[in-house]
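Heads up: the structure comes next, in structure tokens.
No value in this document is a laboratory result; all are computed from the given coordinates. Note that the coordinates shown come from a computational prediction; the quantities given were computed from them, not determined experimentally. Note that each Cβ is placed from the backbone with ideal geometry, even for glycine, and that neighbours are counted across all protein chains shown.
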Amino acid sequence: MTASPSLGKTPIPDYLIDGNLVLRAVLARGLNVLALPRQVLLAGRKSLVPSEISFTHGVPEASTLSGVTYAQDERLRRALAERAGVELPRGATFTWRSLARAQTWASRLGFPVVVKDARGENPARAVYNVNSTDELQKAFEELRRRRPEDRSPGSNPHMAGYAATRLGFIVDDDGNEVAPLHTRMLVEKQIPGQIIRCVVVGGEVAGAFIHADNGQVVSARLDGELSQHLRDIALRAADAIPGLGVAMIDLATQEPASQATNAVVVEVGERPRLHTIVAADPDLAGRISGAIVDFQARQAKITLPQPAEEVAGELNVEGFGDVTAAGEGLKAVLQDQGVEFKLHSTDEKEGNLTGKVKASPKLLANVIDLLMTGALIDDRAMSVEFKVESADD
């Protein structure tokens, strides 16, 4: 298996992969970029504020806040999907107060079942292979647990910067922070077979791969092309959620993906979640992220050049605590990676530095993301701007 993206010995965390690959694709297409906290990315041909296209965690601006909100509510998106004729697993939502009814319902439905958060990040936090009423109770207890960082914007990096779902909490008898009693959990029949993850971009399936097999994540390439039937189901499921420019659709099937004529939609999300395939098939992950950038460019009616293997330009980094030490540290790291970098100036008062850089889009994207997280050097940037070198420079 190929290693996940990294810069030297510093890996790109899973939660950054979507945005990192989209940033890489944007840089390869010769655009100026401005990276802001929580993976907000502005890009365009203008040098002052490059905002012709924008993304958050790799999600394009074409995906509306309404669409993201619909996708993060399991009950709402199930209702929308069912109205569109999309086949889903049998499921129902229950609160902690109705745990006994959930246990009775699951017993009648038949184990195994999956228990999921009914609202929040996608794919939803879930407990798979629940095989008894006791295990169902344990799954409810696990999913009820809350952490302080889940409620503070930016504290939990796994929580999307655009997330519209507020996670409330109460304190139980043991002093644990848990979800309120009215918080709903979705109990669904677990569908046997493989989970085929499809990424739909602008009404087309940009890529598909095997995500899981009978509840166990495997992340592998498809053996052959996706069947037209599965492709049609993925497109119908994505279209059922209004306002999603990009959608992740998980299909459960017991047939080979290239020949499948039956499948059930088990997840719909607003993020491509490319960390689940980038290690096994980096080329596919790159094609999907490129399709996302090209789609958003079409929406903005701008024409992009073919991807370049190397980019050069001015790098402006703002917000360091100790800009002198940060500059020296950055030079050392980039030199070690074979990246051409020349430091031009530093501003001790503002904590900013400016320099010229030449690198592959992949390396430069990794540098920018790791500077923003504070994982590259012993300091964290508040923004990173890259201006493409013009022919006159």
What do you get for the angle between helix 17-28 and the principal long axis of the chain? Use alpha-carbon atoms, 0 to 90 degrees, nearest ten. 40
Once a ≥ b ≥ c are taken as the square roots of the eigenvalues of the Cα gyration tensor of the stretch 22-116, is the result rounded (a/c under 1.5), prolate (a/b larger than b/c) or oblate (a/b not larger than b/c)? prolate
With each label point set 7 Å from Cα along the Cα-Cβ vector, what nm distance links T10 and T303? 3.9
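By how many nm would the segment from R287 to V171 lengthen if fully extended, with 0.36 nm per residue of separation less the alpha-carbon distance?
Values: separation 116, 0.36 × 116 = 41.76 nm, distance 4.57 nm.
Length gained, R287 through V171: 37.2 nm.
Using a Förster radius of 22 Å, what is the FRET efficiency between H182 and D239 based on their Cβ-Cβ separation? Nearest 0.05, please. Walk me through the numbers on the way to the answer.
Working: r = 32 Å, r/R0 = 1.44.
FRET efficiency, H182 to D239: 0.10.
Students often check this: by mean Cβ neighbours within 10 Å, which of 256-268, 361-373, 98-110, 186-198 ranks highest, and how do the rest follow? Present the calculation step by step, with values, prior to reporting the outcome.
Numbers: 256-268: 18.6, 361-373: 23.5, 98-110: 15.3, 186-198: 21.7.
Final packing ranking: 361-373, 186-198, 256-268, 98-110.
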List the pair-distance distribution P(r) of the stretch 173-265, using every Cα-Cα distance, as the percent of pairs falling in each 5 Å bin from 0 up to the bin containing the longest distance, rounded to whole percents. 3, 13, 21, 19, 15, 10, 7, 5, 4, 2, 1
Can you tell me how much longer the chain between R101 and Y128 gets when fully stretched, taken as 0.36 nm per residue apart minus their C-alpha distance, in nm with one decimal? 7.8 nm
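Among 246-252, 171-177, what's the highest-first ranking by average C-beta atoms within 10 angstrom per residue? Could the numbers behind the result be given before it?
On the way: 246-252: 25.4, 171-177: 10.1.
Ranking the peptides 246-252, 171-177 by packing returns 246-252, 171-177.
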Once Q259 and D336 are pulled to full extension, the length gained, defined as 0.36 nm per residue separation minus their Cα-Cα distance, is 22.9 nm
Which value in nm describes the separation of the simple spin-label points at A375 and L65, placed 7 Å from the Cα toward the beta carbon? 2.9
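Expressed in whole Å with the largest first, what are the equivalent ellipsoid semi-axes of the chain derived from the C-alpha gyration tensor as the square root of 5 times each eigenvalue? Please report the intermediate quantities before stating the final value.
Working: eigenvalues 316, 123, 62 Å².
That gives 40, 25, 18 Å for the three semi-axes.
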Sorting V266, L80, V357 by the position of each Cα along the dipole of the chain (Lys, Arg +1; Asp, Glu -1; all at Cβ), the one nearest the positive end of that ordering is L80
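Find the percent of Cα-Cα distances in the stretch 249-393 that exceed 22 Å, and round it to a whole number. The partial results should precede the final answer.
Details: 5760 of 10440 pairs.
Looking at the stretch 249-393, the distances longer than 22 Å represent 55 percent of pairs.
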Of K9/K342; K9/K138; K9/K356; K46/K331; K9/K189; K46/K358, which sit over 30 Å apart, Cα to Cα? K9/K138; K9/K189
